[in-house]
Amino acid sequence: ELGWISKVYVNRPAVVRHAEQIKKWKTLKGNWQAAWLLKAVTCIDLTTLSGDDTPSNVRRLCFKAKHPIREDLLKALDMHDKGITVGAVCVYPARVTDAVNALKAAGCNIPVASVAAGFPSGQTPLETKLAEIKLAVEYGATEIDIVISRSLVLTGQWDGLYEEIRQCRKACGEAHMKTILATGELGSLANVYKASMIAMMAGSDFIKTSTGKEVENATFPVGIVMMRAIKEYYWQTGNKVGFKPAGGIRTAKEAITWLMLVKEELGVEWLTPQLFRLGASSLLGDIEQQIFYHVTGSYPLQHELAMA
Amino acid sequence: GNTVLVLCPPEAAPPLLYLAELSGDGGALPPGALNVVTGPFPDLCRSLRAHPGVAAVTFLGTTQVPEVQALAWGSPCRGPRAGWARGGRVVVVVLDSADLDGAAAAIVGAFPWGGCVVLAQEGVLAPLERRLRARLGGLRVGDPLDPGTDVGPLPPAVPHPEGLLGVPWPAGSSCVCVSPPSQVFQPLLPPGDRFYPPTLITGVAPTSRCLREPAAGPVLVLLPVRSPGEAVAVASGLPLTATAAVWAQDVTTALDTAERLPQGLVWLNALNLLDPSGGCAGGAEETTLEEALREFGRPPWEQPPKPEEPLSPEEAVPDPEDTELAGAVLAARAAAPGWGRLPGASRARGLRGAAAALGGTRGTPGGNDGDNGRLQEALLRWAAHAEQMGGAVQEVPGGRALVTRRPLGVVGVAWSWPRPLSLELLPPALALGNSVVVVAPPGAAGAALRLRKALVAAGLPGGALAVLPGGSRGSGAKLARHHPDGLWLCGADTDWTSALSVPRVWGVPERVLGASGLDPPLGATRELELRCTRPHCLWVPAGAP
C-alpha cells in the first residue's frame, strides 16, 4: 500500500521533546521495581555477536540464559518456580549449532535467534542473504533477525525494499522473522516510519531498531516513531507486530523506561516476550545487580554473580 | 517597584495567603510590600476603586467577571489604570501535512486548563480523533499531590463544566466522556464533585455553547475545517482565545497560516511552550514584557493625573451624529486591511508623498508655517519608522521566537483638550498601518482637511483618515460604541460598557508630543509605537539537539 507511505509526516523536534519528557517520569522503587525488572529479564534476547565467539563462550551464555538470576535471589522474591528465563539467545549463523546443542544440554526450550542477511551492513547480494537465512533455519534457529538494505531506503525504492523483505520472509519459512531497520543509518525519522511500515507490510513479526554496531543505536525518539508505526499498522490491519530496541541499553533503569514507554505508546498487551524484546548483553548483569540490591540491601562483589 | 494589594474571593485565598506569609518570613519582601485581602468580592472592589491611594488595577483569573471589572473601572485618564484580564483558550490548527501523533501527544500532554479547541482539516480528522481518544484514555485523574496523577480536581470557585455541557446536543453529535478505561488499572474517579474526567467533544459547531463560553476543566473540542483559510476564519471567530498552535510539515502553508491567525502568540508544531523570562508573551493575552512593564510603571514625562481635577473644560460642543461616526468608522474599517498589509516601504512612500504635497501649500491662508513644518517633520520621521519596523528575534527554550508588531486596525482618537488638535499625533498611527477616525474641536479642521487631501493624493485610501467635528468630554464614549480596535483619549472620557468592546484604550498623557516648541520627550516614540500596534509572536522550534 504505497499510499500509506506517501502521507507520512514526522516532526522531529516534537518527538524529541516528547522523549525528553519521558526521562522525567517518576522512577519505581521497591517491589514494583523488582517486578518490572523480572519482566524485563523475560524479554531479553541475550546476545553475543563478536568476531571471537567460539563454542565455549556460546555455551556459557546459553547456561546463563537458562538461569539469568541467581536461584536464592529468586527464592527470596518467591519467583523461583515461575520459569524465569530470558526470551531468546541471539548468535551469528556459524554459532547456531553450538547454541542449540548447549541449550539442549541445559534442558530448556529457549529459542535460538540467528542474525542473517549480511549482518551487520546488509551490503551483500540478495542470493547470499537468502542462502544464509535458509542455512540458519536448517541449523536450528527458530528466530531470524534480518538486516535491510539501507541504500533502498535512502534512495526511496520502497517497492524494492518490500520485495527484498518479502523474499526473506519466504526463506525463513516457519521461523519467526525480525527486521532490523538500522535506524541510525536511515537519515530521518520519516524514513524510519516509512521503513517500519514497509517491513510490517512485507510480513515481519518484529521490527528492530538497530544492529548494535552503528554509531547511534536505540534511542527514545526512534523508538517512539517505530511504536507509533506499529500502532497505526494495528489500527489499519488488526495485526500486532512486535518491537525490539537493541544496542546501547546497558542499565536497568533504561530497561524499565523502555517498558514504560511501550506501555504508554502501545499498551499493556505488548508487554510480553511475544511482542517485545530487548536486545542486550551486559544489561542482564546490571538487572541482576539491582535485584541483588533489592533483596540483600547491598551491591554484590564481582564473584557473587555468575558471568554470562 | 510597586506595592501590591491582592483582592481575592475566599475560595481562592489559601495559596495567596500562604505566599504572603512566606514572603514576609525571613525578610524576602519588606512588610507591606505584598498584602492579601480576602472577603466579599463586590463590596471590596468598590472600596478599592474609591481609595485615593490606588494607582493601577489589574485582573487575574477567568475573564467572565464583568461585574467585578465594572466596579473597579476608572477612567483611563485618571484614577486607577485598569489592566486587561489575562487568560483564554488555545486554538490548535492541525492541517493535512501534520505529524498527527506528535500533535495528539502535545495536545494531551499539555492539556491547557482554559480549554482547547482543535481545528482539524477534514482529511485528518478521523485519524487525529482516534489518537486523541487513545491518549485521553490513558490519563489518570486523582489527588494532585500524587505524582502519578495527570489531571487534578477543578480549581476552587470554577463552575462545574457539566452545567455548560448539559445543553441538549444537536442530533448526530457525540459528547464523549472519556473516563479511564478498564484495561488500565486506575482508581475510579475520586469522590467529590470537583473531579471531572478528561472530555473530548466532537460533532458540535461554532453555535454550540461549549465554544461560545470556554469551560474551565479538561475539555477538548474538535471541529473539522476544509482548508487552512477556513481554519483561520473559524479561529478568528472564536471568542476568548489567547494563543494558537499550527501543526503542519509543509513549511509554506504552516508559516502562512501562522501569519494570518489573529492570536498574539502562535506556536509552530509545538504547544504550550512558555518563555520563563516572560519575554515574548508574558503570560498575558496580547502583551509583551515591555507592555506589561508599562502597565506597572510610568514614564517620567507622564504626570499622575489628579483624580478630582476635571480633564477638560465642560463645553457644550455638539458631538457628531451616530450615523456620521458609523459611516466614518465603516470607511476606516474598509481601508484598514489593505493599508495595514502593505509593506512598510510602501506606507513610507505614501507618507513622504503627503509631506511633499503639504510643503507645496505653504503660505495659504489659515495655515501656520510653524505647525505645518512640524507636521511635515513628523510625517517624514514616521515614514522612516515604518520602513524600519522589523521586529525582534528572541532565543527561547527549544527554538526562536519572531516577535513582530501588527497594526491594530481602526484607531479612534477623541480629543477634547482646550487646545487645537495636534496633527503630529496622527502620523504614528498611519505609518504603522492603521486607519484613524478623529473627533476634535473645529479649530483645526482646515489643517486636518489639508492633511487628508495630501494623504489621498499620495496614494492612501480615502477612509484612512477621517476628522469629525466634536470634542465634548463624552465623545470618547460615543466613539467607543462604534467598536474601533483602539481608542486614544485626549481629555475625553469613556464609561466601562462602551470601553468593553474596544481591545485597547489609552489615556494619552498631555506631554507625549512634547510641550509647544520642544521636541517630544525621550521614550515617547516607543510609547506611540507600542500604542498603535499589537504584538504577534511566532514561536519556531529549532532543530533537535
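Could you sort the peptides B:522-535, B:423-436, A:13-26 by per-residue average Cβ neighbour count (10 Å cutoff), highest mean leading?
Numbers: B:522-535: 18.4, B:423-436: 25.7, A:13-26: 16.1.
Descending packing order for the listed peptides: B:423-436, B:522-535, A:13-26.
Work out, in µm²/s and without decimals, the Stokes-Einstein translational diffusion coefficient of region A:204-308 at 20 °C, 1.002 mPa s, Rh from Kirkwood over C-alpha pairs. Before the final figure, lay out each step's value.
Details: Rh = 14.9 Å.
Roughly 144 µm²/s, to the nearest whole number.
For the pair B:Asp146 and B:Arg46, what calculated FRET efficiency results from E = 1/(1 + (r/R0)^6), where r is the Cβ-Cβ distance and R0 = 51 Å, to the nearest 0.05? Don't jump to the answer; show the numbers that get you there.
Numbers: r = 42 Å, r/R0 = 0.82.
Step by step, r from the Cβ atoms, then E = 0.75.
For the protein assembly as shown, evaluate the Debye formula with one uniform point scatterer on each Cα (no solvent term) and list log10 I(q)/I(0) at q = 0.07, 0.08, 0.09 Å⁻¹, rounded to two decimals.
These q points yield log10 I(q)/I(0) values of -0.70, -0.84, -0.97.
In a shell of Cβ-Cβ distance under 11 Å around A:Lys253, excluding A:Lys253 itself, what net charge do Lys and Arg (+1) and Asp and Glu (-1) give?
On the way: positive: A:Lys23, A:Arg250; negative: A:Glu254, A:Asp286.
Taking every other residue near A:Lys253 into account, the sum is 0.
Residues with amide H under 5 Å of A:Asp145's amide H, sequence separation 5 or more or different chain, H placed in the peptide plane at 1.01 Å from N; which?
Under 5 Å from the amide H of A:Asp145 lie the amide H atoms of A:Ser114, A:Val115, A:Ala116, A:Lys178, each far enough along the sequence or on another chain.
Check each of the GluC sites (Glu not before Pro) in region A:157-257 and keep only those in coil by DSSP with at most 10 other C-beta atoms within 10 angstrom; list them in order.
Details: sites: A:Glu163, A:Glu164, A:Glu174, A:Glu185, A:Glu214, A:Glu216, A:Glu232, A:Glu254; in loops: A:Glu174, A:Glu214, A:Glu216.
When the GluC sites (Glu not before Pro) of region A:157-257 are filtered for loop state and at most 10 Cβ neighbours within 10 Å, A:Glu174 remain.
Tell me which aspartates and glutamates have Cα within less than 20 Å of A:Lys253's Cα, excluding those fewer than 8 residues away on the same chain?
The qualifying aspartates and glutamates are A:Glu20, A:Asp45, A:Glu216, A:Glu264, A:Glu265, A:Asp286, A:Glu288.
Once phi is turned into ³J(HN,Hα) by the Karplus curve 6.51 cos²θ - 1.76 cosθ + 1.60 with θ = phi - 60°, what whole-Hz value does each residue of region A:167-183 show in order, with x for glycine and proline?
Coupling constants for region A:167-183: 5, 5, 4, 5, 5, 5, x, 7, 6, 8, 10, 10, 9, 8, 8, 6, 4 Hz.
How much length would be gained if the chain were fully extended between B:Glu259 and B:Ala384, taking 0.36 nm per residue of separation minus their Cα-Cα distance, in nm to one decimal? Intermediate values should be presented prior to the final figure.
Details: separation 125, 0.36 × 125 = 45.00 nm, distance 2.41 nm.
Working it through step by step, the gained length comes to 42.6 nm.
What's the average, rounded to a whole number, of partner chain beta-carbon atoms within 10 Å of each residue's beta-carbon in B:102-108?
The mean count of partner-chain Cβ atoms within 10 Å per residue comes to 4.
Once each part is reduced to its C-alpha centroid, what is the distance from region B:376-452 to region A:1-42 in angstrom?
Taking the Cα centre of region A:1-42 as reference, the centre of region B:376-452 is 52 Å away.
Between helix A:12-22 and chain A, what is the angle of the helix's C-alpha long axis to the longest principal axis, kept within 0 to 90° and rounded to the nearest 10?
10
Non-local amide H neighbours of B:Thr58 (under 5 Å, H modeled in plane, Pro and chain starts lacking H): which ones?
Residues meeting the amide H criterion: B:Gly83.
What net charge do the residues around B:Ser346 carry, taking every other residue with its C-beta under 12 Å from that of B:Ser346, with Lys and Arg at +1 and Asp and Glu at -1?
On the way: positive: B:Arg341, B:Arg347, B:Arg349, B:Arg352; negative: B:Glu387.
Result for the neighbourhood of B:Ser346: +3.
How large is ³J(HN,Hα) for each residue in region B:93-109, as worked out from phi by the Karplus curve 6.51 cos²θ - 1.76 cosθ + 1.60 (θ = phi - 60°), to whole Hz, x for Gly and Pro?
Those phi angles translate into 9, 10, 9, 6, 9, 8, 7, 5, 5, x, 5, 4, 5, 5, 4, 6, x Hz.
Modelling each spin label as a point 7 Å along the Cα-to-Cβ direction, I'd like the B:Leu5/A:Met79 distance in nm, to one decimal.
Roughly 6.4 nm, to one decimal.
How large is the helix-only mean residue ellipticity at 222 nm for chain A, computed as the sum of -39500 (n - 2.57) over DSSP H runs with n ≥ 4, divided by its residue count, in deg cm²/dmol to the nearest 500? Don't jump to the answer; show the numbers that get you there.
Working: 13 runs with 151 residues, N = 308.
Calculated from helices alone, the mean residue ellipticity at 222 nm is -15000 deg cm²/dmol.
Would you mind putting A:127-139, B:461-473, B:98-110 in packing order, based on average other-beta-carbon counts within 10 Å, highest first?
Numbers: A:127-139: 18.2, B:461-473: 22.6, B:98-110: 24.5.
Averaged packing, sorted descending, gives the order B:98-110, B:461-473, A:127-139.
Considering every residue in A:12-22, what mean count of other chain Cβ atoms within 10 Å of its Cβ is obtained? Intermediate values should be presented prior to the final figure.
Values: counts 6, 13, 13, 5, 5, 11, 5, 1, 3, 2, 0.
The per-residue average across the peptide is 6.
Roughly what percent of Cα-Cα pairs across region A:5-304 reach past 34 Å?
On the way: 8550 of 44850 pairs.
When all Cα pairs of region A:5-304 are counted, 19 percent exceed 34 Å.
Karplus couplings for region A:36-51 from phi (6.51 cos²θ - 1.76 cosθ + 1.60, θ = phi - 60°), rounded to Hz, Gly and Pro as x?
Per-residue couplings from phi come out as 5, 5, 5, 4, 4, 4, 5, 9, 6, 9, 6, 10, 9, 10, 10, x Hz.
Using a 10 Å cut-off on Cβ atoms, rank the peptides A:39-51, B:482-494, B:202-214, B:331-343 from the highest mean neighbour count down. Don't skip to the answer; put the middle values down first.
On the way: A:39-51: 20.3, B:482-494: 25.1, B:202-214: 16.1, B:331-343: 17.6.
The peptides rank, most packed first, as B:482-494, A:39-51, B:331-343, B:202-214.
For the protein assembly as shown, give the share of DSSP beta bridges that are antiparallel, in percent and rounded to the nearest 5; count only bridges with both residues there.
Details: 19 of 100 bridges.
Antiparallel bridges: around 20 percent, rounded to the nearest 5.
Amide H to amide H, which residues 5 or more places from B:Ala120 or on other chains are under 5 Å from it, using H placed in the peptide plane?
Distant-sequence amide H within range of B:Ala120: B:Val94, B:Leu223, B:Val225.
Per-residue Cβ counts within 10 Å, from other chains only, averaged over A:215-227: what number is that?
Across the residues of A:215-227, the mean count of other-chain Cβ atoms within 10 Å is 1.
If R₀ is 60 angstrom, what is the calculated FRET efficiency for the pair B:Glu291 and A:Ala105, using the beta carbon separation as r and rounding to 0.05?
Details: r = 78 Å, r/R0 = 1.31.
Approximately 0.15, to the nearest 0.05.
Once R0 is set to 30 Å, what does the formula 1/(1 + (r/R0)^6) return for the Cβ-Cβ distance between B:Thr323 and B:Val393, expressed as a FRET efficiency to the nearest 0.05? Intermediate values should be presented prior to the final figure.
Details: r = 47 Å, r/R0 = 1.55.
Approximately 0.05, to the nearest 0.05.
No lab work stands behind these numbers, since they all come straight from the coordinates. These numbers were taken from a predicted model, which means no experiment stands behind them. No Cβ is skipped: glycine too gets one built from the backbone with ideal geometry, and neighbour counts run over all protein chains shown.
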